[in-house]
Each structure stands twice: as structure tokens, then as C-alpha cells.
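Note sheet for the following structure.
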């Protein structure tokens, strides 16, 4: 679907929007404008936009409140954008160049040839290498448990604010956040 479809269909009771590869082939200025438009509409209409971005600049990355990082189809992080880098630094990775964007740093973690690991002697734990190890590490972290709790709280607040309004015939029998929780499991 086109970006214009999503822009026109945002509303106070709209379903979450999943928008993929919407900036591919654009120059950085136009890509940033599109992302700002999408995120402003989502925030302004109390809605959700799930956006897949190709080679996000730092400015684009900072437009988002949360980031989901996948490695070989396995979830290895889901949380606030400002917490993502620190999570992986504590795990034993480091950003080799200060001018590298956070998005590039996070993407590099999924490529063993690009990921930069601190000296093993400086670490208390084994640094994950495979997608399975990353996923296992994430699954047992307090950050993941906190995020699931936050999602449930957000859902309760939205239902209270909307007065339990029905979202129409396409709305699932279980809530969106319950679906997200199932995907995270």
C-alpha cells in the first residue's frame, strides 16, 4: 500500500498501520519528511504506526519512540529507542565510530563481521554471536519483562480513554497489544 493510503486513513480509532520500505530510493530529506509525517499523524491521532525503514539516518531513528530489532527473524530487542544502544553496550558491544548512527550500530550487531565486541577479559558474560543466542539473552532480560508490562498498561489506558470503543469489523477478537505479546513470546 502507498504512504498516501496510510496518511489518509489515520484517525482516532484507526487500526495500527504497518508501513514497509516506504523510504527506499528516496533522498534523506524526503525520507525524513515522510517519517515525520507518519509519526506525527500516529501521535496526533492516538494511533500506532509500525514502520520498516531501510538505512535509517540518525534523524529518522530519533523520530520513533520504540525500536524492534530482528536477527534472522528472531526478536533480539524491543524497547525505547533511547535504550537500545545502551542495552547492547552492556551486553559487550561497542560503537566503533562516534559518527555511526544508532540505526547502523544496531544493524551491524546482526552481522558478525561488522559487530564490534569489547575485549572478552573486560566482560562478565559471554557475548551472543548467533541469532539464537541473542534471542535467548533478550528473552530472559528484565527489559523485556518491563516492556511487556508497559504494553499492557498502554492498552488499558487506551481502552479507558476511548471508552472501550469498537474499532470496526476488522478489529481482532484479541487486543492488538495481546497480539504483540504473543509475537514477543
In the stretch 56-86, how many are in contact with a helix residue (DSSP H, G or I) (Cβ under 6 Å, 6 or more places away or on another chain) and exposed (fewer than 14 other Cβ atoms within 10 Å of the Cβ)? 1
Residue within the stretch 35-55 that is closer than 24 Å to residue 98 by Cβ and either at pLDDT below 75 or surrounded by fewer than 19 Cβ atoms within 10 Å (Cβ to Cβ) (or both) present: yes
Any chance the stretch 111-126 includes a residue that's closer than 30 Å to residue 155 by Cβ, surrounded by 14 or more Cβ atoms within 10 Å (Cβ to Cβ), in contact (Cβ under 8 Å) with a residue 12 or more places away in the chain and touching a helix residue (DSSP H, G or I) at 6+ places or on another chain (Cβ under 9 Å)? no
Residue by residue through the stretch 44-62, note down the ones that are free of Cβ contacts under 8 Å to residues at least 40 places away in the same chain and over 15 Å from residue 82 (Cα atoms). 44, 45, 47, 50, 51, 52, 54
Taking residue 153 as the residue in question, decide whether it is farther than 19 Å from residue 76 by Cβ, at pLDDT below 90 and surrounded by 13 or more Cβ atoms within 10 Å (Cβ to Cβ). no
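The values are calculated or read from the model by the stated rules, or taken from the named source; none is laboratory data. Small disclaimer: the values here were computed from a predicted structure and weren't measured. Note: ideal-geometry Cβ built from the backbone for every residue, glycine included; neighbour counts use all protein chains shown.
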